[in-house]
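In what follows, a single structure is set out as structure tokens and then discussed.
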Amino acid sequence: MSHIANKIIAQDKALNSIFSETRYRIDSFQREYRWQHKQIDALISDISSSFFANYSSNHTLADVERYDCYYMGPIVLCEDGSEMSVVDGQQRLTSFSLLLIYLRHLQIKHGLDKNESVYKDLKNYLFVSRGGRRTLSLDVPSREYVMKYLFELKGDIIDYSVLEKCGKDRESNENLLHCYDEICHLFPSELDNPFVLPLFIEWLLYKIVIVEIKAFNIDNAYTIFETMNDRGLSLNPTEILKAIVLSKIKDEEQSDEMNQFWKERISQIKYSAGSEGDLLFFRAWFRAQYARDISQGKVNDEKKDYELIGSQFHTWFKSHQDIMHLHKPSDFYYFVKGDFDFYSNVFINLRKWQSKEECKEKDNPFYVTACYPMAESLYYALAFAPILPIDSSEEVSEKLQLINQFVDIFINRRSLLGKSVNQSSIRRMVFEIIRKIRMLSGDVLRSILKEELSKYNCEDMLLPAKRGFSQSYAHYLLARLRYVHDREDLFGTLLRTRKQSSFILTQLIGDDDWEMYNIDGEKGIVPWSICNYCLCRRYDVALLPLTPKERIEYLVSNGYLPEMKGVYFDSFSDFIAQRLNILNRIASVEVWPAKI
């Protein structure tokens, strides 16, 4: 083996350098692209928070040079001729590619492509010409069709039928569409304007830093990957917390008893919430009951309780035992036997109620809300905040239902009003609510939550003739509105799946119908309105009549527009206007009223 084959190079690289004139290959034996809502939400929340920690409204592009960097961790590559084989890091690289596509569309939407002084042609970071070939920077043939479709997309509504043209790697392609959809919906509204967007793109390209670890032999690359991911005997925060707590219990029999109980309960938590469920639980519990403050997200802000618990809750616990009333050995024993047992049991039950597999009730509100969730770290902290170990099971149930109803209305009213719901945009707001509702009775809790919801009272909250929604939210929104009229099946059957019997988002008046059928109304606005869509079973879409009038009549008569049954309309604009009023009433009065 030559000297160069043994060489390993590790260096910090800004995102612009990572995506400049480098073709990446993802071998077929690697796992699919599997990021979901949770990972996209965390990525957008983290990078937007880091950007706003530096940003000021009087800044220009020149000021971005002084902004702090954001480190994304390492990727492992193996140089193979004119390509780089991605050994570790494809999930992040793929997600950043989707984000760059979205940012390119945003620039065009705001007309920035007409202003050379602020425009960044992100196409240069998404495609590469090398070795006589022009390809996507992430050169994965099985995903090329979908990535190019997203690159050329007009508007935010995604046509999932493109999956039928993709051939293999269905899982990755479907996740690409879903995650792009999530980016559309979760991207902060504060960044979606022509003044801040250029600064954010500049920061993203030059201040997001990835550690590139490059090997020149595939065996060496995989050895590095395995070493990085081999946890060995290292302890996670939960195990360190257990060691701290049990070391304080001096009675050996009690310590052994709690050790065994702890292990069994953590196993149950992970079974209900995944391999990192224990971290989610402890962060939510400590933030809900004990966190006193949160940073403002400004430059050089000191980390407060909220952030410290999020990063190292075991370290925070060690220095905050006084506020948790832990002083003598018996306190720590009952901390495990009492509080830990109680709150972890609430967590496990809540996870069960949210689970599709466990959801047998047609009207299970926890499952319905979980289909379009608030960030988990915020939701569970809110849920734990008003609950006390002395609460009866009925009181716990009442409080959880109030919180769940509040979250459902809060998240959806913000979404419908065009306000961001990603965790970086709402976490300080949610934390203030957490502090207000700690340890409250059901009646007082209801009063406080009602007051919070009054801030989102708006009679014309949908305004769909002026605003479209992302594909995933449009589908969820119509499913919720339809569910008011059709409760024969579980709510989950209204959501998109791969089954032929599943519902898909269907346009009533197609893009080409306006000129072909001389339709009245505002072309360019109505096509993207939520009122111009319904949910139709996949197998019925091919049967839809060609003319818009016949199509609408077919959908009404076959139960796909239940709210429009018996409604007369004399024009398409009249149809859209009437449906707007009906859907607005259903949403604001029946589904998400500004009260609980």
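The values are calculated or read from the model by the stated rules, or taken from the named source; none is laboratory data. Values in this document were obtained by computation on a predicted structure and should not be read as measured data. When we count neighbours, we look across all protein chains shown, and the Cβ atoms used for this are built from the backbone with ideal geometry, even at glycine.
For I509, the test of being among the β-branched types (V, I, T), in contact with a Leu (Cβ under 8 Å, 6 or more places away or on another chain), within 27 Å of K154 (Cβ to Cβ) and at pLDDT 80 or above is failed.
Which residue is surrounded by the fewest Cβ atoms within 10 Å (Cβ to Cβ), if the candidates are limited to the range 395-405 and must be in contact (Cβ under 8 Å) with a residue 40 or more places away in the chain and either within 20 Å of the chain's Cα centre (by Cα) or closer than 13 Å to L382 by Cβ (or both)?
Here the residue is Q405.
Helices (runs of 4 or more DSSP H) wholly in the range 1-105 with at least 2 residues that are hydrophobic (A, V, I, L, M, F, W, C), touching a Leu at 6+ places or on another chain (Cβ under 7 Å) and more than 30 Å from G132 (Cβ to Cβ) - which ones?
Values: elements: 3-6, 15-18, 37-52.
Answer list for the range 1-105: 37-52.
Of all residues assigned to the range 242-250, none qualifies as being touching a Lys or Arg at 6+ places or on another chain (Cβ under 7 Å), of a type in the set (D, E, K, R) and buried (at least 18 other Cβ atoms within 10 Å of the Cβ). Among the residues examined, P386 does not qualify as surrounded by fewer than 22 Cβ atoms within 10 Å (Cβ to Cβ), in the same structural domain as I411 (by the TED database), not β-branched (V, I, T) and not in a helix (DSSP H, G or I). Checked against the criterion of being farther than 16 Å from D339 by Cα, in the same structural domain as E376 (by the TED database) and either part of a helix (DSSP H, G or I) or out of contact with any Phe, Trp or Tyr (no Cβ under 9 Å at 6 or more places or on another chain) (or both), the candidates D293, D301 yield just one match: D301. Residues that are crowded, with 21+ Cβ neighbours inside 10 Å and not in a helix (DSSP H, G or I) within the range 169-185 are absent altogether.
Restricting attention to the range 132-160 and to residues that are farther than 14 Å from L176 by Cα and of a type in the set (G, A, S), the residue that is surrounded by the most Cβ atoms within 10 Å (Cβ to Cβ) turns out to be S137. State whether the residues of the range 185-196 include one that is closer than 30 Å to S82 by Cβ and β-branched (V, I, T). No, that holds for no residue. Would you be able to say whether some residue in the range 215-236 is among the small types (G, A, S) and either surrounded by fewer than 18 Cβ atoms within 10 Å (Cβ to Cβ) or within 23 Å of the chain's Cα centre (by Cα) (or both)? Within the range 215-236 (the criterion being among the small types (G, A, S) and either surrounded by fewer than 18 Cβ atoms within 10 Å (Cβ to Cβ) or within 23 Å of the chain's Cα centre (by Cα) (or both)), the answer is yes, since at least one residue qualifies. When the range 406-454 is filtered for residues that are under 21 Å from the mean Cα position of the chain (by Cα), among the polar types (S, T, N, Q) and not in a loop (DSSP other than H, G, I, E, B), the ones remaining, listed by number, are N412, S415, Q423, S424, S425. From the list V64, V76, V118, the one residue that fits, being touching a Gly at 6+ places or on another chain (Cβ under 8 Å) and touching a residue at least 60 places away in the same chain (Cβ under 8 Å), is V76.
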